[in-house]
1. Past the 15 angstrom mark, what percentage of all C-alpha to C-alpha distances in the stretch 2-44 do you count?
2. For the residues 45, 25, what sequence is obtained by ranking on other C-beta atoms within 10 Å, fewest first?
3. Using r as the Cβ-Cβ distance of residue 42 and residue 123, and R0 as 22 Å, what FRET efficiency do you calculate, to the nearest 0.05?
4. Give me 160, 57 ranked fewest to most by other Cβ atoms within 10 Å of their Cβ, as a rough exposure proxy.
């Protein structure tokens, strides 16, 4: 019963944020729209920041962890590209949840939240950063990647910033219009970033095709 109530509260909160934005999002309004008392809402969340953190955790729904990716058989270069395809798809298809993740990384919000989701969110965010680095290091061991550790970190930082940027602009109508006009497809972003650190176009294009097959075979999309 409590889990259903919690899910209902989060659904109401999501609708309110769509309607009023994060700035206009109020704890008391959530209680009113959910048809419960503020006291009842306090049983689930201590403040509105707790609700934002809970919503942010949805951005990592069904995300496989670093150990799963490293233990998956095959070329690690294909695996890391598959990983980034999935992350870019989330940023494009579920901008609300992924932008909540970006928003709650702000210390002004995290610092005010004591919700249990915060530890899971921090763990998942750390995994989001470490997984592709570990996969590229694995690819180097397999011979399909020649990058040093610094170049690997720079590549992952570049793609991470693009993903977070995609999340932010996708939540605004003007941002979506600009993205559509620029035609920043997932394939183009991956090709562009990997070429910046010396990968050849034909190799990355082949890996993207194989990554799509891997994603389908393992039911990741």
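1. In whole percent, the share of Cα-Cα pairs in the stretch 2-44 beyond 15 Å is 33.
2. 25, 45
3. 0.30
4. 160, 57
Where a number appears in this text, it was derived from the coordinates with a stated rule and is not lab data. Computed from a predicted structure; not experimentally measured. Cβ atoms come from the backbone with ideal geometry, glycine included; neighbour counts cover every protein chain shown.
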